[in-house]
Each structure stands twice: as C-alpha cells, then as structure tokens.
1. Only one of B:42, B:12 is exposed (fewer than 15 other Cβ atoms within 10 Å of the Cβ) and in a strand (DSSP E or B). Can you tell me which?
2. Would you check if residue A:64 is surrounded by 13 or more Cβ atoms within 10 Å (Cβ to Cβ) and farther than 20 Å from residue B:95 by Cβ?
3. Identify, please: which residue in the stretch B:57-75 is under 12 Å from the mean Cα position of the chain (by Cα) and closer than 20 Å to residue B:8 by Cα and is, among those, surrounded by the most Cβ atoms within 10 Å (Cβ to Cβ)?
4. Within the stretch B:82-94, is there a residue that is part of a loop (DSSP other than H, G, I, E, B), out of contact with any helix residue (DSSP H, G or I) (no Cβ under 8 Å at 6 or more places or on another chain) and under 19 Å from residue B:4 (Cα atoms)?
5. Take the residues of the stretch A:80-107 that are under 14 Å from the mean Cα position of the chain (by Cα) and part of a loop (DSSP other than H, G, I, E, B): which is farthest from the other protein chains (Cβ to nearest Cβ)?
6. Quick check on my filter: what residues within the stretch A:75-95 are farther than 27 Å from residue B:5 by Cβ and either buried (at least 22 other Cβ atoms within 10 Å of the Cβ) or touching a strand residue (DSSP E or B) at 6+ places or on another chain (Cβ under 6 Å) (or both)?
7. Among (1) surrounded by 17 or more Cβ atoms within 10 Å (Cβ to Cβ); (2) under 30 Å from residue A:109 (Cβ atoms), there is one condition residue B:85 misses while meeting the rest; what is its number?
8. Search the stretch B:45-58 for residues being at the interface with chain A (Cβ under 8 Å from one of its Cβ atoms) and not in a loop (DSSP other than H, G, I, E, B), and hand back the single one that is nearest to residue A:106 (Cα to Cα).
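The values are calculated or read from the model by the stated rules, or taken from the named source; none is laboratory data. Nothing here was measured: the structure is a model prediction, and the numbers come from that model. Every residue, glycine as well, gets a Cβ built from its backbone with ideal geometry; the counts of neighbours run over all protein chains shown.
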C-alpha cells in the first residue's frame with residue numbers, strides 16, 4: 001500500500017510568483033485535503049476535494065486554488081505569493097466524502113522571499 | 001465560529017508516567033467529530049484517536065484514551081505508560097460538516 005507523497009519537499013519563491021504543489025493520494029483513497037502549517041502553529045484547512053469536486057473550503061483567498069485528477073492525485077496552486085505564505089503545506093488523503101481518518105504526507109516546505 | 005484551544009504549549013514527563021493533554025472547543029452544534037493527531041519530529045501527522053460527539057463512551061486505543069465532556073466542550077487526551085516514541089506535537093482537531101479546525105498544538109517531551 002503506497003502512502004501519501006508530496007512534491008517538492010522544499011522550494012523557494014519570491015513575492016508575486018506562482019507555485020504548484022503536488023500530492024499523490026494513498027492507494028484507494030478518493031478524497032484529498034490541503035493544509036497550511038505556519039511555524040509553531042497547527043495546520044489550517046485550505047480545502048478538500050472529493051472525486052474531483054471541491055466540497056469544503058477554509059478561510060483562504062481565491063488565489064489559493066486546487067485540482068483533483070481522475071486518479072485522485074491533487075495540486076495546490078498559489079498565485080501572487082506573499083511573504084506570509086511561507087509555511088509547510090500538508091496534503092492528506094482519506095476515503096469517502098465524510099471526514100474519516102486522514103493520512104498525511106510529509107509536506108512541502110515553501111519559503112517566500 | 002468554531003474554535004479549538006490547547007492551553008498547554010509544552011509539557012515534559014518522565015518515561016512510564018501518565019500525562020494528560022487538554023483541549024477545549026467552542027461550538028453551538030450537536031453532531032461533530034473530535035480527533036487527536038500526533039506529529040513526530042519527522043513531520044508526518046498520524047491519527048491517535050477519534051471520538052464521535054453522539055457517543056457518550058470515551059474512546060480508547062491501547063495506551064491512549066480520551067475524557068470527552070460534551071457539556072463542558074472538553075476533549076482531553078490521556079497517555080498512559082508514556083514511551084520515548086510518544087515525543088511529538090499533539091494536535092486536537094474539531095470537525096463539523098465540511099471543515100476541520102486544528103488547535104495550536106502541545107509539544108510533548110518524554111524524558112528517559
């Protein structure tokens with residue numbers, strides 16, 4: 001059974017740039033959710049996708065967008081990067097539309113200069 | 001709006017001792033879920049234990065158990081016979097409908 005994998009593990013961008021982060025779900029999972037974890041803080045829910053449709057969103061501006069593909073892998077896109085976007089971005093997969101056990105990846109560490 | 005509060009930023013206990021991590025939350029809803037997640041230094045978060053709000057019985061998973069007090073909106077985690085591998089950040093999480101809210105976490109150190 002393959003776990004949740006995220007790429008890249010680390011990246012550095014400058015203010016105003018755009019970034020795409022990728023996530024491969026655990027085998028058999030059809031739901032993916034994304035989180036932003038600032039240093040020393042708990043994860044903040046960005047959004048969740050179930051079968052390629054967004055079915056939940058946290059308090060993040062529209063410049064945070066996502067996609068889920070037919071194979072249930074997912075992308076998180078962030079446009080017009082700001083310094084405060086520097087954080088660890090976590091992806092989690094789960095099975096079904098309702099909240100079940102989340103299986104997390106190790107995250108992508110984004111630094112915005 | 002729902003909130004989750006973990007009032008203990010950091011705790012240290014000796015190996016084999018019992019430790020309790022506190023979590024309180026605020027909601028006017030009746031049906032929701034509560035979780036405890038563990039984030040070891042390697043960063044990958046894993047589920048420790050979950051509780052459905054409609055269940056009065058406290059959840060237990062081996063050395064981990066919760067004290068769920070719905071009226072008080074409290075959801076504490078008890079770790080019995082603590083082990084060095086329990087050293088991690090612990091996050092309490094509240095789930096309602098299509099949103100999940102995590103607390104700020106408690107950093108737990110298990111001392112040899």
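1. Numbers: B:42 fails: in a strand (DSSP E or B).
Going through B:42, B:12 in turn, just one is exposed (fewer than 15 other Cβ atoms within 10 Å of the Cβ) and in a strand (DSSP E or B): B:12.
2. It is true that residue A:64 is surrounded by 13 or more Cβ atoms within 10 Å (Cβ to Cβ) and farther than 20 Å from residue B:95 by Cβ.
3. B:75
4. no
5. As a first pass, look at the stretch A:80-107 and keep what is under 14 Å from the mean Cα position of the chain (by Cα): A:85-94, A:102-107.
Then keep just the ones that are part of a loop (DSSP other than H, G, I, E, B); that gives A:86, A:102, A:105-107.
Working: A:86: 16, A:102: 7, A:105: 7, A:106: 5, A:107: 6 Å.
Taking the candidates together, the pick is A:86.
6. Once the filter is applied, which keeps residues that are farther than 27 Å from residue B:5 by Cβ and either buried (at least 22 other Cβ atoms within 10 Å of the Cβ) or touching a strand residue (DSSP E or B) at 6+ places or on another chain (Cβ under 6 Å) (or both), the stretch A:75-95 yields A:75, A:76, A:77, A:78, A:81, A:83, A:93.
7. Status for residue B:85: all satisfied but (1).
8. The selected residue is B:46.
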